[in-house]
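All remarks here apply to the structure that follows.
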Amino acid sequence: MNRTLVTALVTGSAIVGAGYFLSRRQPPRALPSSIIPIITPVIDVGVAEDVLEAMEHLPGDEVTLVLHTMGGCVTSCVLIANALRQFGKSTAVVPYMAISGGTLIALNAHHLQMGRSASLSAVDPILYGQRARHVPGDESMKALHGLALEYQQAMTRYLRETLAARLPDAGEAALEQAMGVFMGDHAPHEWPIRRPEVEALGLDVTPAARSWGAMVDTFRKRWW
């Protein structure tokens, strides 16, 4: 099986479709340069390129990402998350939803803000509409099973690094609890994780101002 094709189909979401990043279009109103909106059904390679370009050209060491997405290509989301890790001060704002790969990006910000109805989700990878952990290892799926195992292991390591950085004083039991929630051990991949659940894990999360939701509404209704 063509590995490039498989990689393109490995997503943090079962949703498919054309994504968009709003820097490509004239926004309804000017935003401060440190605020980057990622308001797109799917985070694909093109979205990642635009986000990385915007982050690279920020004048300071501070960035705010406004996320409204169902996730996307694992590689694209990890590239954005890696870039986010390089900032001295970073905030992820989730007015409504940052599902799957969107959650992975949000968790890599130093500070997380969530709207009163906002949700995150598990981040475990999906291949051909199946969770990587569920791809069978029989002869008919042997090649895909090996790749699925690689993605599952890589995401487990990456998420552990992410959560360990966000929970520096937590013990191993607390870290494992957070890992279980965000790897979706006991829930479907896209099952909503609300702010009280995030707070209960000990992660730094505060309420997002309603003005962020209004900003997402403006972008979404104009372009989606």
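Observations
- The set of residues from the stretch 108-132 being surrounded by fewer than 20 Cβ atoms within 10 Å (Cβ to Cβ) and either within 14 Å of the chain's Cα centre (by Cα) or closer than 17 Å to Ala178 by Cα (or both) comprises His110, His111.
- Of all residues in the stretch 118-133, those satisfying the criterion of being over 16 Å from Ala154 (Cβ atoms), part of a loop (DSSP other than H, G, I, E, B) and at pLDDT 95 or above are Ala118, Ser121.
- Flag if Ile36 is over 27 Å from Gly180 (Cα atoms) and at pLDDT 95 or above: yes
- Which numbered condition Val181 misses (of (1) closer than 26 Å to Ala209 by Cβ; (2) surrounded by 24 or more Cβ atoms within 10 Å (Cβ to Cβ); (3) of a type in the set (Val, Ile, Thr)): (2)
- The stretch 50-71 residues that are touching a residue at least 12 places away in the same chain (Cβ under 8 Å) and farther than 19 Å from His111 by Cα, paired with ones that are surrounded by fewer than 24 Cβ atoms within 10 Å (Cβ to Cβ) and among the aromatic types (Phe, Trp, Tyr) (beta carbon under 8 Å, 6 or more apart): Asp50/Phe21
- The set of residues from the stretch 135-157 being over 21 Å from Thr103 (Cα atoms) and free of Cβ contacts under 8 Å to residues at least 12 places away in the same chain comprises Pro136, Gly137, Asp138, Glu139, Ser140, Met141, Lys142, His145, Gly146.
- Taken as a whole, the structure places Arg166 among residues that are among the basic types (Lys, Arg) and either in contact (Cβ under 8 Å) with a residue 12 or more places away in the chain or under 24 Å from Ile39 (Cα atoms) (or both).
- Subset of the stretch 74-107 (residues that are surrounded by 24 or more Cβ atoms within 10 Å (Cβ to Cβ) and not in a helix (DSSP H, G or I)): Ala92, Val93, Val94, Pro95, Ala98, Ile99, Ser100
- Among the residues of the stretch 202-222, those that are β-branched (Val, Ile, Thr) and closer than 30 Å to Ala174 by Cα comprise Val205, Thr206.
- Residues in the stretch 184-224 that are of a type in the set (Val, Ile, Thr) and over 17 Å from the mean Cα position of the chain (by Cα) were compared, and the one that is surrounded by the fewest Cβ atoms within 10 Å (Cβ to Cβ) is Thr206.
- Looking only at the stretch 133-157, and only at residues there that are of a type in the set (Ser, Thr, Tyr) and either touching a Phe, Trp or Tyr at 6+ places or on another chain (Cβ under 7 Å) or closer than 18 Å to Met179 by Cα (or both), the one that is surrounded by the most Cβ atoms within 10 Å (Cβ to Cβ): Tyr151
The values are calculated or read from the model by the stated rules, or taken from the named source; none is laboratory data. The structure displayed is predicted, hence computed values, not measured ones. FYI the Cβ positions are ideal-geometry reconstructions off the backbone, even for glycines, and counts take in every protein chain you see.
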